[in-house]
Amino acid sequence: MDRFTRDQGRTALSLDEQLDTRASCGVKLADGVDRREVVRGRSPSDFEADPFRLAIVQMAHFSNDLWHFDTECSEGPGASASIAASFAALAQGDLPLQAIEDGVDIENA
């Protein structure tokens, strides 16, 4: 199995190895962010237990190349506009959305 799949017999990947692998794919921490920010409040074994999953979630807070959100939290007025704006920011200029609005017309739905 490759190192991106769950395999009980796998060799544990350190967080540094996980971040280096992501960086080689173009996913890196934002300028000025230290790797220690990613691990704050976590132990190295947390990252090794399920390689890449926790690292990606944590990196999303400190990278311009990732975005992580809970789909169950995307409800209510403005939620769709916020999601679209986040996609535009993630695209770094390649998705030039402007004046984003959302709304539901319940009477005509």
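The values are calculated or read from the model by the stated rules, or taken from the named source; none is laboratory data. Treat the numbers as computed from the prediction; the structure is a model and nothing was measured. Because the Cβ atoms are built from the backbone with ideal geometry, glycine has one as well, and the counts that use them run over all protein chains shown.
Looking only at the stretch 18-31, decide whether some residue is closer than 29 Å to Val104 by Cα, surrounded by 15 or more Cβ atoms within 10 Å (Cβ to Cβ) and not charged (D, E, K, R).
No, the stretch 18-31 contains no residue that is closer than 29 Å to Val104 by Cα, surrounded by 15 or more Cβ atoms within 10 Å (Cβ to Cβ) and not charged (D, E, K, R).
Name the residue that is farthest from Gly41 (Cα to Cα), counting only residues in the stretch 53-79 that are modelled with pLDDT of 85 or more and of a type in the set (S, T, N, Q).
Asn64
Here is a check on your reading of the model: is Ala79 of a type in the set (A, V, I, L, M) and closer than 30 Å to Leu15 by Cα? Before you say what the answer is, go through the steps one by one.
Working: of a type in the set (A, V, I, L, M): yes; closer than 30 Å to Leu15 by Cα: no.
Spelling it out, it is not the case that Ala79 is of a type in the set (A, V, I, L, M) and closer than 30 Å to Leu15 by Cα.
Would you check if there is a residue in the stretch 34-46 being hydrophobic (A, V, I, L, M, F, W, C), at pLDDT 90 or above, more than 18 Å from Phe87 (Cα to Cα) and under 16 Å from the mean Cα position of the chain (by Cα)? Let's see the steps before the verdict.
So in the stretch 34-46, the residues hydrophobic (A, V, I, L, M, F, W, C) come out as 38-39.
Those left that are additionally at pLDDT 90 or above: none.
Scanning the stretch 34-46, I find no residue that is hydrophobic (A, V, I, L, M, F, W, C), at pLDDT 90 or above, more than 18 Å from Phe87 (Cα to Cα) and under 16 Å from the mean Cα position of the chain (by Cα), so the answer is no.
Tally the residues that are more than 15 Å from the chain's Cα centre (by Cα), in a loop (DSSP other than H, G, I, E, B) and at negative phi, restricting the search to the stretch 14-32.
Result for the stretch 14-32: 2.
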